[in-house]
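Everything below concerns the one structure shown next.
Just so it is clear, none of the values below were taken in a lab; they were calculated from the coordinates. Just so it is clear, the structure is predicted and the values come from calculations on it, not from any experiment. Cβ sites come from the backbone with ideal geometry, for glycine too, and all protein chains shown count toward neighbours.
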Amino acid sequence: MSASKETSKDYRVEKDEEGRGFDLRLFKRLWVYVTPYRKLFFLSLVMLVIGTLLQLYIPYVSKNAIDAFMMRERHYASAVEERADYFRIEEGLWIKEDVDGAFSLIRKDGRFVLTDGAISVHLNQEQIRSLRADDIQGIDSSVLLLLILLLSVFLTNYIQVYYSNKMGQKVIYDIRTGLYRHVLKLPLRFYDHNPSGRIVTRITNDTENLNEFFTTAVTSILKDILLLVGIIGFMFFLSRQLTGYAMIVLPIIVLATTLFRFFDRKAYRKVRTRLARINAFLAEHLSGMSVIQLFNREKSKYGEFKSTNHSYYRATLQQLTVFAVFRPTMDILFYIALCVVIWFGSKDFISGIMTFGTLYAFINYIDMFFQPLRDISEKFDIVQNALSSAEKIFKLLDESAGSETDFSEGGQKVSDGAIEFEEVTFGYNEGVEILKDISFSIRPGEKIAIVGETGAGKTSLIGILTALYPIQKGRILIDGVSIDDYNVHTLRKQVAVVLQDVFIFSGTVVDNVRLFDESITREEVVDAAKFVNVDYLIQRFEKGYDTSLNERASTLSAGERQLIALARAVVRDPKILILDEATANIDPVTEAYIQDAMEKVTQGRTVLIIAHRLSTIRNADRILVFHKGRIVESGTHNELFAKNGLYTQLYRLQYELNG
Ligand SMILES: Nc1ncnc2c1ncn2[C@@H]1O[C@H](COP(=O)(O)OP(=O)(O)O)[C@@H](O)[C@H]1O
Ligand SMILES: [Mg+2]
């Protein structure tokens, strides 16, 4: 795949899919989330330190068992007749332990012999066991100590892993909940600019990356560092010289690790970016499946996916190659270090500078040394990944939300339903005015129709009236109070909106009408449905009101959806009702039902209808004609028609022709 093709598709992928450097501020912000669980955190840290120290102590215990008991040289004084404290070897030989004794117990030709140079006496197993009873006892206690150590290591590890995971999960739970809460409060402006897939990634993948960071990476890196330092400490304590020799490979290790980090990071970024591209591709194309199939784009989309997938495949292979080189390199370095230790160590042992136990412990430590080394360099991915995720999460959290601090209602209530626009100017983006100098007023209970060509700004009017978008100039008053002075939740409770595109949530019909608000009873839902004439339609569904509607509601027609939305609005008994009529053609029967429903629904309410139907327009008390973001005409149908202006034109074109 050419580079240009790759970059040309990057709009679906975020630019900052790359790793992050070490940033102290990030850690500080993350720490805020850990604070409530710092007890768990410190407990697991303490366990980690204890467990690591115990683990480090194990080879040392073996060394002691070897040097102090196994390899202990014994000397004896002898006597030829029975004496107290003496141990009988044979008829004329009694011995007793004595540091300067003439007899030594040595191993010769695979057997133990007692010798003073001239005389050699073979000892059987039983005799040796009795002679070295205290050594055997010493080994027994060493093994017991080892067992206790192992058990303690197991226990501390268990506690550490359990608590660090618990802490991690709690932290992630908080972050995820906090994110969703924040996202709920974000202005719609934000959603216009951020594809939902990206926000989903924030709340799922990015928090998951952090999860791994909190549960495994932090503790295991700390542990690895502690192990490395501890091992070097123990080795240094055992033999400075041999430690020096063993560390001959250290520069090579540092070099290899640095190279690995460099190549791995490159490959890893590629993997991340390409995986993100696959996700973005899928998200977009699965939701647009009907278009793909209708326009016969399957083959080319398949090809496109295949090449996207293939570039991901190559990136992962590249990453694997880096690992495939790094791991064996580390293995070889390990064996080199081991050989160096054995080589020099055995010489030291032979020349008596070093005990066998020390050599044994040394080899153990070398073995221990390489595991954290490998681990730590590979864990860097997780850390880097987590930090870049954290940065993105914080970026989302830093998006300024509305002024509301919680979701509760309160303050000024809508009582009559009078609406007033005073020279309102609004645009979604700076410099582009969608609505200009809009002024009109609606008395309580009035029924206003808004007409105008597509793109005139009719739907935008709903957005600003319900405070979904802030206006730039002028004032919008409801019952004489600026909408800025209302609590948005209180405001929206009295202002119900039926949008052109009705969003159906996954759930039953009842759920969708009451929008999961348990305070609305099933009876109220049924009443509302009857009121807006959608009851007969719902009865036709296989499970009636309990039929589950899927997310896309592809099973419902546009008319049915509008009626359900109408029921949604009516069940809340709002003072102000705003309707954006579906432009889609509706069959005459449904049309009649909707018209009848409208007449009932609009009784006793202030109603603002963006009208596409002739009947709606004729029944309106007043009509506002929008053109390019301005109100150009207003009045009743007859008044406007008599003017023979834009309304007459629109009316003729849009309504009579379609009529
Ligand atoms: N969320 C948005 N962000 C930016 N521009 C928008 C947004 N929604 C609508 N617009 C633009 O505002 C203008 C008016 O749109 P709209 O109010 O939907 O018109 P109408 O409902 O009258 O057809 C159009 O040019 C449209 O492209
Ligand atoms: Mg519209």
Item to check | trypsin sites (Lys or Arg not before Pro) restricted to the range 284-380 and DSSP loop, no more than 15 other C-beta within 10 Å | outcome: ARG297
Checklist entry - Cross-link list LYS530/LYS628; LYS395/LYS436; LYS447/LYS530: which exceed 30 angstrom alpha carbon to alpha carbon? => result LYS530/LYS628; LYS395/LYS436
Next on the checklist: At 0.36 nm per residue, and after removing the present C-alpha to C-alpha distance, how many nm does the segment from ARG297 to ILE350 gain when stretched out fully?
Outcome noted: 11.2 nm
Checklist entry - Say the dipole of the chain comes from +1 at the beta carbon of Lys and Arg and -1 at that of Asp and Glu; which of ILE434, LEU26, GLY357 then lies farthest toward its positive end? => result ILE434
Checklist entry - Out of the range 518-588, which GluC sites (Glu not before Pro) are coil in DSSP terms and have no more than 16 other C-beta atoms within 10 Å? => result GLU518, GLU542, GLU551
Item to check | Equivalent ellipsoid, the range 419-658 (semi-axes from 5 times Cα gyration tensor eigenvalues, Å) | outcome: 30, 22, 16
Checklist outcome for this item: Ranking ILE336, PHE190, GLN649 by how far each Cα lies towards the positive end of the charge dipole of the chain (+1 on Lys and Arg Cβ, -1 on Asp and Glu Cβ), the top one is GLN649
Checklist outcome for this item: Here the relative contact order (percent) of the range 595-659, from C-alpha pairs under 8 Å and at least 6 apart, is 22
Checklist outcome for this item: Counting only backbone N atoms under 20 Å from a point 7 Å out along Cα-to-Cβ of GLN241, the residues of the range 53-71 in range are 67
Checklist entry - Per residue of the chain, what 222 nm ellipticity follows from adding -39500 (n - 2.57) for every DSSP H run with n ≥ 4, rounded to the nearest 500? => result -18500 deg cm²/dmol
Item to check | Unit charges on C-beta of K, R, D, E only; dipole of the range 305-405, Debye | outcome: 440
Checklist outcome for this item: Computed about the Cα centre, the charge dipole of the range 419-658 from +1 Lys/Arg and -1 Asp/Glu charges at the Cβ has a magnitude in debye, to the nearest 20, of 300
Checklist outcome for this item: Filtered hits (lysines, Cα-Cα < 22 Å from LYS299, offset >= 8 within chain) -> LYS5, LYS9
Checklist outcome for this item: Given Cβ charges of +1 for Lys and Arg and -1 for Asp and Glu, the option among MET70, THR52, PHE305 whose Cα lies farthest towards the positive end of the dipole of the chain is PHE305
Checklist entry - At a Förster radius of 60 Å, what calculated FRET efficiency corresponds to the Cβ-Cβ distance of ILE252 and THR425, to the nearest 0.05? => result 0.30
Checklist entry - What net charge do the residues around ILE225 carry, taking every other residue with its C-beta under 13 Å from that of ILE225, with Lys and Arg at +1 and Asp and Glu at -1? => result 0
Item to check | Residue order, fewest to most beta carbons within 10 Å, for THR204, THR329, THR215 | outcome: THR204, THR329, THR215
Checklist entry - When only DSSP loop residues count, what chymotrypsin sites (Phe, Trp or Tyr not before Pro) in the range 295-395 have their Cβ near at most 16 other Cβ atoms within 10 Å? => result PHE295
Checklist entry - Where nothing but the Cβ of Lys and Arg (+1) and of Asp and Glu (-1) is charged, how large is the charge dipole of the chain around its Cα centre, in debye to the nearest 20? => result 1440
Checklist outcome for this item: Here the relative contact order (percent) of the range 419-658, from C-alpha pairs under 8 Å and at least 6 apart, is 27
Checklist entry - What aspartates and glutamates sit close enough to LYS185 to cross-link, taking a C-alpha to C-alpha distance under 17 Å and skipping anything fewer than 8 places away on the same chain? => result ASP174, ASP398, GLU399, GLU404, ASP406, GLU409, ASP484
Item to check | Long-range tail of P(r) for the range 398-532 (Cα pairs > 25 Å, %) | outcome: 38
Checklist entry - With contacts defined as alpha carbon pairs under 8 Å and 6 or more residues apart, what's the relative contact order of the chain in percent? => result 13
Next on the checklist: Need the list of lysines near LYS392 for cross-linking: C-alpha distance under 16 angstrom, and skip anything on the same chain fewer than eight residues off.
Outcome noted: LYS15, LYS28
